[in-house]
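Take a look at the structure set out below.
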Amino acid sequence: NKQVILKSYVNGSPKESDMELKASTIELKIPEGCNDAVLVKNLYLSCDPYMLGRMKKLDGHYVDSLTLGAPIIGYGVSRVMESSHPDYEKDDLLWGFVGWEEYTLITNLTTCFKNPTQRRMAGMTAYAGFFELCTPKKGETVFISAASGAVGQLVGQFAKLMGCYVVGSAGSKDKVDLLKNKFGFDNAFNYKEESDYNVALKRYFPDGIDIYFENVGGKMLEAVLNNMRIHGRIAVCGMISQYSLAQPDGVHNLFNLISKRIKMEGFLVMEYYHLYPKFIEMVLPHIKKGDITYVEDFAEGLENAASALLGLFSGRNVGKQVVVVARE
Ligand code: NDP
């Protein structure tokens, strides 16, 4: 059973050498008398920025640290090989937490779902953050950072469907082109080419920003606060620019929250899974019609998994980063 294990806790910027590809010789078997376990073959693994938090030795974080020497854990789509659980049969597909390995024995199925065609994480994050926290209205101005990523690309398309004016920032010319030409953003800019984010935001939002979907934090958040409109809303989804810093950047202009009566709220997608049926009802017809689309980035094989995960923090991924362990 090939596995990607956590070799050492991440300290500062993550390195590929914090992980290691190993072959485990432990035989995976559903224990005698256990009637709620499944043995799965892992097909697709999701690379998500929050996983970096679990690779650190942190107390008081909202997710537990992973165990040293054990496989990295993340969301995946897997095929059931053996089951002692009444809801799962051989060959069923399953979505949930699995190890970064070829085969996983799952004894706790409470975080698993049977229908993996339902893309819960990125889509739900975009949906919950945008519609529940930002309360968008037609004609409002929306800014999205890390806009070409898994979450950002969907937020932008939701905002366009609502009749908003939408601008995104991303880290390369190709990503900027993608935002404008594939996802229908009104405009986009490469933040790496901007010496002053305030100037960039003024260029695209001369009358200010009503809604900011926050994915990066730091200096971008500071500039956005200066450019928000009165009664603006900020959904704090992530702050990826901060995840590898020993000392997070200070944001020095929070007084804007008061003077502009801005609502700024953080959220975790797992607290919004109850909205899943609503999300599907809204999004599926648009996907079928082709007016919501998405871009995925596939890394082939567990041997490329560590590098794919790290690529999120340097912007190497274009769209939703997935590791293909096996195709069937
Ligand atoms: P993405 O697919 O957007 O990948 C991450 C992207 O972040 C990279 O491609 C890169 O794009 C950008 N990035 C990396 N480092 C920096 C930096 N220092 N400054 C600016 N941008 C950077 O990932 P996701 O869509 O999965 O996640 C987006 C955000 O949403 C993350 O902050 C994540 O933590 C958060 N999230 C939160 C959830 C919640 O429940 N609250 C659930 C899921 C995700 P570029 O080339 O444009 O720089």
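The values are calculated or read from the model by the stated rules, or taken from the named source; none is laboratory data. In this text, all values refer to a predicted model and were calculated from it rather than measured experimentally. Backbone-built Cβ (ideal geometry, glycine too); neighbour counts: all protein chains shown.
Overview of results
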read-out: Strands (runs of 3 or more DSSP E) contained entirely in the stretch 1-75, each with at least 3 residues that are crowded, with 19+ Cβ neighbours inside 10 Å, touching a strand residue (DSSP E or B) at 6+ places or on another chain (Cβ under 6 Å) and not charged (D, E, K, R); value: 2-6, 38-46
read-out: Close pairs (7 angstrom Cβ cut-off, 6 or more residues apart or separate chains): among the basic types (Lys, Arg) in the stretch 42-65, away from the ligand (no atom under 13 Å from the Cβ) anywhere; value: Arg54/Asp64; Arg54/Ser65; Arg54/Leu66; Lys56/Tyr9; Lys56/Val10; Lys56/Ser65; Lys57/Tyr9; Lys57/Ser65
read-out: Failed condition for Gly217, given (1) closer than 19 Å to Phe130 by Cβ; (2) away from the ligand (no atom under 16 Å from the Cβ); (3) buried (at least 18 other Cβ atoms within 10 Å of the Cβ); value: (2)
read-out: Odd one out for Glu271, checked against (1) within 21 Å of Phe313 (Cα to Cα); (2) charged (D, E, K, R); (3) within 10 Å of the ligand (Cβ to nearest atom); value: (1)
read-out: Enumeration of residues in the stretch 279-289 that are free of Cβ contacts under 8 Å to residues at least 12 places away in the same chain and surrounded by 12 or more Cβ atoms within 10 Å (Cβ to Cβ); value: Leu284, Ile287
read-out: The stretch 290-320, subset closer than 23 Å to Glu101 by Cβ and touching a Gly at 6+ places or on another chain (Cβ under 7 Å), residue surrounded by the fewest Cβ atoms within 10 Å (Cβ to Cβ); value: Glu296
read-out: Near pairs, Cβ below 8 angstrom, 6+ apart or cross-chain, from the stretch 261-278 (within 10 Å of Ala128 (Cβ to Cβ) and surrounded by 15 or more Cβ atoms within 10 Å (Cβ to Cβ)) to any residue that is hydrophobic (A, V, I, L, M, F, W, C) and at pLDDT 95 or above; value: Phe267/Ala128; Phe267/Leu133; Phe267/Ala235; Phe267/Val236; Phe267/Cys237; Val269/Ala128; Tyr272/Ala128; Leu275/Ala128
read-out: Any hit, the stretch 221-229, residues being surrounded by 14 or more Cβ atoms within 10 Å (Cβ to Cβ) and either closer than 25 Å to Ile292 by Cα or near the ligand (Cβ under 10 Å from one of its atoms) (or both); value: no
read-out: Some residue of the stretch 81-89 being among the aliphatic types (A, V, I, L, M), within 16 Å of the ligand (Cβ to nearest atom) and modelled with pLDDT of 90 or more; value: no
read-out: Residues of the stretch 134-169 that turn out to be without any contact (Cβ under 8 Å) to a residue 40 or more places away in the chain and either of a type in the set (Gly, Ala, Ser) or in contact with a His (Cβ under 7 Å, 6 or more places away or on another chain) (or both), as a count; value: 4
read-out: Tally, over the stretch 161-187, of residues that are within 10 Å of the ligand (Cβ to nearest atom) and either over 20 Å from the mean Cα position of the chain (by Cα) or exposed (fewer than 15 other Cβ atoms within 10 Å of the Cβ) (or both); value: 1
read-out: The stretch 76-92: number of residues that are in a loop (DSSP other than H, G, I, E, B) and either among the polar types (S, T, N, Q) or surrounded by fewer than 17 Cβ atoms within 10 Å (Cβ to Cβ) (or both); value: 6
read-out: Tally of residues being closer than 20 Å to Ile287 by Cβ and of a type in the set (Ser, Thr, Tyr) across the stretch 136-156; value: 1
read-out: Residue tally, condition out of contact with any Cys (no Cβ under 7 Å at 6 or more places or on another chain) and either near the ligand (Cβ under 10 Å from one of its atoms) or modelled with pLDDT under 95 (or both), over the stretch 297-316; value: 6
